[in-house]
Amino acid sequence: MNVAPHHMVIMAECSACGEAREFSKTSLPPGLRHAEVREVEKRLKCASCGAKAGKLRFGSYRDD
Ligand SMILES: [Zn+2]
């Protein structure tokens, strides 16, 4: 998870219900902060529908 530059916004999106919210790396337990993205995704649980179907999307909102 340390591959993302600080200007990169991470969104956690639920593929079951479509709920998306900004994902903060600092909300991860310390043991997961350097885990691979797919490992983190496996642990995502949607706060809206409860499905474990989260996907992380990386995007930059900077104007180049
Ligand atoms: Zn959901």
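Read-outs: derived from the displayed coordinates by stated rules, not from any lab. Here the structure is a predicted model, which means the values were calculated and not measured. Cβ coordinates were reconstructed from backbone atoms using ideal geometry, including for glycine residues, and neighbour counts include every protein chain displayed.
Some notes on this structure:
- Among the residues here, Gly54 does not qualify as on the phi > 0 side of the Ramachandran plot and within 16 Å of the ligand (Cβ to nearest atom).
Condition check ((1) touching a helix residue (DSSP H, G or I) at 6+ places or on another chain (Cβ under 7 Å); (2) over 19 Å from Met8 (Cα atoms)) across all residues:
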{"position": "Gly31", "(1), (2)": "no, yes"}
{"position": "His34", "(1), (2)": "no, no"}
{"position": "Glu41", "(1), (2)": "no, no"}
{"position": "Lys45", "(1), (2)": "no, yes"}
{"position": "Gly50", "(1), (2)": "no, yes"}
{"position": "Lys55", "(1), (2)": "yes, no"}
{"position": "Phe58", "(1), (2)": "no, no"}
